[in-house]
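Asker: Pasting in a structure now, in structure tokens, and then I'll have a few things to ask.
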Amino acid sequence: MDIFQLLSDLFTNYTLRTVAMGSMVLGIVSGALGSFAVLRRQSLLGDAISHAALPGVVLAFLFTRSKEPVVLMVGAILAGWVGTIMMINIVKRSRIKEDSALGLILSVFFGIGLVLLTFTQRLPDASQAGLDKFLFGQAATFLIRDIYAMVFLAGVVLFLLGLFWKEFKLLSFDPEFGESQGFSMNKLDILLTTLLVVAIVIGLQAVGVVLMSAMVVAPAAAARQWTDRLSVMVILAALFGALAGVSGTLVSSTTEGLSTGPTIVLCISLIVFISLLLAPNRGLIWQALRRLRQKRTLYLDGVLADMYSLSRQHDNLEYAHRIEVLRTMNAGRGGVYRSLKTLEAKGLVRRADDRLWALTAEGLPVARRAFLLLHPHALDTPAEKAAQEKGSEA
Amino acid sequence: MTQADIDIQLVAMVTAVACALPGVFLVLRRMAMMSDAISHTVLLGIVLGFFLVGDLNSPLLIVGAAAMGVLTVSLVALLERTRLVKEDAAIGLVFPALFSLAVILISRYAGDVHLDTDAVLTGEIALAPFNRLYIYGYDLGPTGVYLMGVILLLNLLFIVLFYKELKLTTFDAGLAAALGFAPSILHYSLMSLVSITVVGAFDIVGSVLVVALMIAPPATAYLLTDRLPRMIGLSALVGVISAIMGYWIAIAMDASIAGSMAAVAGVLFVLVFLFSPERGMLAIARRRAEQRWLFAQTMLTIHLLNHEGTPEAEQEAQVVHLQEFLRWQPDFAARVVRKAVERQWVIRHNGHLELTASGREHASAAMLQS
């Protein structure tokens, strides 16, 4: 299947379009809310919330006997919320650290959910089919009705995010200052966490419990690499999330045996990988290049300093030195010839003869500075003092 | 109790203790979520091992899974070292990716093999009694007991042999490094053990509930004691109680055994969280209330001491006046006075209060302190 066919399918094929739309909405919301979670070092909260939602889903079903996504989502949101509040309180009110509290809530709630799930199996009218969707996610079974529910919830979440943008920013970066300005950071914390819970529940049906945590962390972690601004980061994360959602759906639709959820997660993981490598300034490749440049500069400074220290022993500071001497002084670290060529291109040294190199008039002050940086005590010698005075007079 | 009851409880107990032992150090080293990550990624190890060997019962799968656990830890460390993401995000990036890979590999290439994701998440402890170890035709009991028993011994041996080193690196990693221990070797050994334990417990209670057995009992024990040996013992005990109570509750309700074990572990934690004698919510609340009363009584004695021997002493020492001066509600003031009288810091004398010798002493000591 060629790519154009695939893209046209995206708009004409009903099922594919529905699933892609669902995944896109999920990517946008979890990317945007995930940005805050990642910045506040709560990346794994998503993992805990998505597991904690299970008992809520099952209870909602047991009470209403309905498998309407909206009903189950409300149950999931309530349970996820209760789990999060419990987790926050455990950390606040005991010596249990955050990681243990997360693991505790995640696994215990999930265990309770499994217990409840066995009750549903005994009900005469119900198989678990609809509930399983929340465990592993089944984007492929999305109906357009589900999408409406998702879009509605997503709209509410994003609207509130925009409304409290400034406050959430304060909460994420300087809660003490926010508190001193009269904002209740506690309430804001609960509000933001609630929004995250809703965002996660929206995604649960698509990618399932385990993989939902990736959709919270990964788009935000990728976006973080490209920018230092919160607004840009949130938008980028939403874009990355949407991109992963749609492309994951497309890829899984073309190949037999690729479930949508895991494929979406692999797509977003690829985006993270690329971002970690390539993002300007922060990316690993940029870091390596910068280190290389710094190393080269150090080499050049070393050679210049050596030349100056040699020149000091002659009457003429622009005396030409043999490259072998410079190599020896450089302690055999190599690269002297290359450094000299670079310096020549910059006009700081000139080639006097085949193997002879001298500092130029422009190169002299640069070399002197490099030399004095390496040998600060040289300033105490009369010659350097004189040169210094002459320099300051000029 | 039928033989099956006994078998399942035996497996559950051994598994719970085997998980609790390394769990203690995960909780203390703030790496609890690493168990969650490992419990997911070992699936990839099992799948890859299966592709290599072609047999689901090969012991090589455990090796592969354990290796994948260590790989997970190394990948997280590698990602963290780039300083581009924080530790929590690094964990959240690594394990879903590896888990997704495993799920895709299973559904694409191993669809007809008994390796479904359902069992991975929930485990099949109810089947434990049917999986029996036979030697020369003799029935030696469920294999689960032996597998987890070996893992339990391995964990115990590791903790006993490297007790000093584990303690040092857990509580003061800097000092351990300065003294010439290699914290990273110990770290990776511990992580290998966690991986092996997870793989072993995987079949029995499923990947999510392994986390419950690893984290909940040690977290509960952590609220009960300050001493490491006691914490290890208590964790094992809580694990055993969760296993047995969980089993019987599950039988009574005809529900998931593993889920019920995790739920009991959670309930035990909540009970200790609320009622632990030293650190429980209740104890803390009571201590706070006591401090509040003590503070009020101290205020009272200081107030009386300040005015002792001055002309207005008689007026200041009236209970009614306390309400005005210290802004106390009438019944609060009355209770404070009653408590102070009980303590024999003050005595009532002709309708006003007088300090006793010990009350005077207490007041001056309190003033000196501040």
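The values are calculated or read from the model by the stated rules, or taken from the named source; none is laboratory data. Everything numeric here is computed off the predicted structure, so don't read it as measured data. Note that we place each Cβ from the backbone using ideal geometry, even for glycine, and neighbour counts take in every protein chain shown. Remember, those area values only see protein heavy atoms, side chains included, never the ligands or the DNA or RNA. Shrake-Rupley method; radii C 1.70, N 1.55, O 1.52, S 1.80 Å.
Asker: Could you check the stretch A:251-273 and list, in sequence order, the residues that are facing chain B (nearest Cβ under 7 Å) and either aliphatic (A, V, I, L, M) or in contact with a strand residue (DSSP E or B) (Cβ under 6 Å, 6 or more places away or on another chain) (or both)?
Answerer: Within the stretch A:251-273, A:L258, A:V265, A:L266, A:V272 meet the criteria.
Asker: Then there's this: Does the stretch B:158-168 contain at least one residue that is modelled with pLDDT of 75 or more, open to solvent by 70 Å² or more (accessible area, probe 1.4 Å) and not in a helix (DSSP H, G or I)?
Answerer: yes
Asker: Okay, moving on. Condition first: open to solvent by 40 Å² or more (accessible area, probe 1.4 Å) and not in a helix (DSSP H, G or I). Now tell me which residues in the stretch B:44-71 satisfy that.
Answerer: Result: B:G54, B:D55, B:L56, B:N57, B:P59.
Asker: If A:V71 meets every condition in (1) away from chain B (no Cβ under 13 Å); (2) within 24 Å of A:G31 (Cβ to Cβ) apart from one, which number is that one?
Answerer: Result: A:V71 passes all but (2).
Asker: Same structure, new question: Of the residues that sit in the stretch B:325-337 and are over 42 Å from the mean Cα position of the chain (by Cα) and farther than 12 Å from B:L304 by Cα, which one is most open to solvent (accessible area, probe 1.4 Å)?
Answerer: B:R327
Asker: Could I ask something else about it? Within the stretch A:15-23, does at least one residue satisfy the condition of being under 24 Å from the mean Cα position of the chain (by Cα), modelled with pLDDT of 90 or more, in a helix (DSSP H, G or I) and closer than 21 Å to B:L93 by Cβ?
Answerer: Looking through the stretch A:15-23, none of the residues is under 24 Å from the mean Cα position of the chain (by Cα), modelled with pLDDT of 90 or more, in a helix (DSSP H, G or I) and closer than 21 Å to B:L93 by Cβ.
Asker: Looking at the stretch B:348-370, which of its residues are part of a strand (DSSP E or B) and surrounded by fewer than 20 Cβ atoms within 10 Å (Cβ to Cβ)?
Answerer: Going through the stretch B:348-370, the residues part of a strand (DSSP E or B) turn out to be B:348-349, B:352-355.
Answer for the stretch B:348-370, where residues must be part of a strand (DSSP E or B) and surrounded by fewer than 20 Cβ atoms within 10 Å (Cβ to Cβ): B:R348, B:H349, B:H352, B:E354.
Asker: Here's another thing I want to ask about it. Between B:V272, B:V199, B:V240, B:V264, which is touching a residue at least 12 places away in the same chain (Cβ under 8 Å), surrounded by 17 or more Cβ atoms within 10 Å (Cβ to Cβ), under 15 Å from B:C19 (Cβ atoms) and within 12 Å of another protein chain (Cβ to nearest Cβ)?
Answerer: Going through B:V272, B:V199, B:V240, B:V264 in turn, the sole match is B:V264.
Asker: Output the residues belonging to the stretch B:243-261 that are surrounded by fewer than 24 Cβ atoms within 10 Å (Cβ to Cβ) and either away from every other protein chain (no Cβ under 11 Å) or out of contact with any Ser or Thr (no Cβ under 9 Å at 6 or more places or on another chain) (or both).
Answerer: Initial filter on the stretch B:243-261 (surrounded by fewer than 24 Cβ atoms within 10 Å (Cβ to Cβ)): B:244-245, B:247-249, B:251-255.
Result: B:I244, B:M245, B:Y247, B:W248, B:I251, B:A252.
Asker: Could you identify the single residue in A:T249, A:T260, A:T227 that is within 25 Å of A:L153 (Cα to Cα) and either open to solvent by 10 Å² or more (accessible area, probe 1.4 Å) or among the acidic types (D, E) (or both)?
Answerer: Just one listed residue meets the conditions, A:T260.
Asker: Return the only residue of A:L298, A:L276, A:L289 being among the hydrophobic types (A, V, I, L, M, F, W, C) and either within 12 Å of chain B (Cβ to nearest Cβ) or crowded, with 18+ Cβ neighbours inside 10 Å (or both). Quick ask: steps written out before the conclusion?
Answerer: Details: A:L298 fails: either within 12 Å of chain B (Cβ to nearest Cβ) or crowded, with 18+ Cβ neighbours inside 10 Å (or both); A:L289 fails: either within 12 Å of chain B (Cβ to nearest Cβ) or crowded, with 18+ Cβ neighbours inside 10 Å (or both).
So the residue among A:L298, A:L276, A:L289 that is among the hydrophobic types (A, V, I, L, M, F, W, C) and either within 12 Å of chain B (Cβ to nearest Cβ) or crowded, with 18+ Cβ neighbours inside 10 Å (or both) is A:L276.
Asker: Determine which member of the set A:I105, A:I85, A:I112, A:I77 is facing chain B (nearest Cβ under 9 Å) and either out of contact with any Pro (no Cβ under 8 Å at 6 or more places or on another chain) or of a type in the set (S, T, N, Q) (or both).
Answerer: That would be A:I105, the only listed residue that is facing chain B (nearest Cβ under 9 Å) and either out of contact with any Pro (no Cβ under 8 Å at 6 or more places or on another chain) or of a type in the set (S, T, N, Q) (or both).
Asker: Further question: Among the residues of the stretch A:330-356, how many are crowded, with 16+ Cβ neighbours inside 10 Å and farther than 19 Å from A:L298 by Cβ?
Answerer: Residues that pass the stated criteria total 1.
Asker: Based on what the data block shows, is A:L114 at pLDDT below 90 and either open to solvent by 10 Å² or more (accessible area, probe 1.4 Å) or over 28 Å from the mean Cα position of the chain (by Cα) (or both)?
Answerer: It is true that A:L114 is at pLDDT below 90 and either open to solvent by 10 Å² or more (accessible area, probe 1.4 Å) or over 28 Å from the mean Cα position of the chain (by Cα) (or both).
Asker: How about the stretch B:22-33: which of its residues are more than 7 Å from chain A (Cβ to nearest Cβ), open to solvent by 10 Å² or more (accessible area, probe 1.4 Å) and not basic (K, R)?
Answerer: The one that is more than 7 Å from chain A (Cβ to nearest Cβ), open to solvent by 10 Å² or more (accessible area, probe 1.4 Å) and not basic (K, R): B:L28.
Asker: Can I ask one more? Test B:W345 against the stated conditions and say whether it is modelled with pLDDT under 85 and surrounded by 14 or more Cβ atoms within 10 Å (Cβ to Cβ). If you could, list the steps in order and put the result at the bottom.
Answerer: Details: modelled with pLDDT under 85: no; surrounded by 14 or more Cβ atoms within 10 Å (Cβ to Cβ): yes.
Considered against the rule, which asks whether it is modelled with pLDDT under 85 and surrounded by 14 or more Cβ atoms within 10 Å (Cβ to Cβ), B:W345 comes out as no.
Asker: Right, something else. Search the stretch A:351-372 for residues that are without any contact (Cβ under 8 Å) to a residue 40 or more places away in the chain and pair each with any residue that is open to solvent by less than 30 Å² (accessible area, probe 1.4 Å) and aromatic (F, W, Y) when their beta-carbon atoms are under 8 Å apart and the residues are at least 6 apart or on different chains.
Answerer: Going by the 8 Å Cβ cut-off, the qualifying pairs are A:R351/A:W357.
Asker: What helices (runs of 4 or more DSSP H), lying completely within the stretch A:157-274, carry at least 1 residues that are over 23 Å from the mean Cα position of the chain (by Cα)? Break it down stepwise before answering.
Answerer: Working: elements: A:165-173, A:175-180, A:185-226, A:230-254.
Those helices (runs of 4 or more DSSP H) span A:175-180, A:185-226, A:230-254.
Asker: Do you know which of the residues in the stretch A:309-367 that are hydroxyl-bearing (S, T, Y) and outside any loop (DSSP other than H, G, I, E, B) is nearest to A:L379 (Cα to Cα)?
Answerer: Per the criteria, the residue is A:S309.
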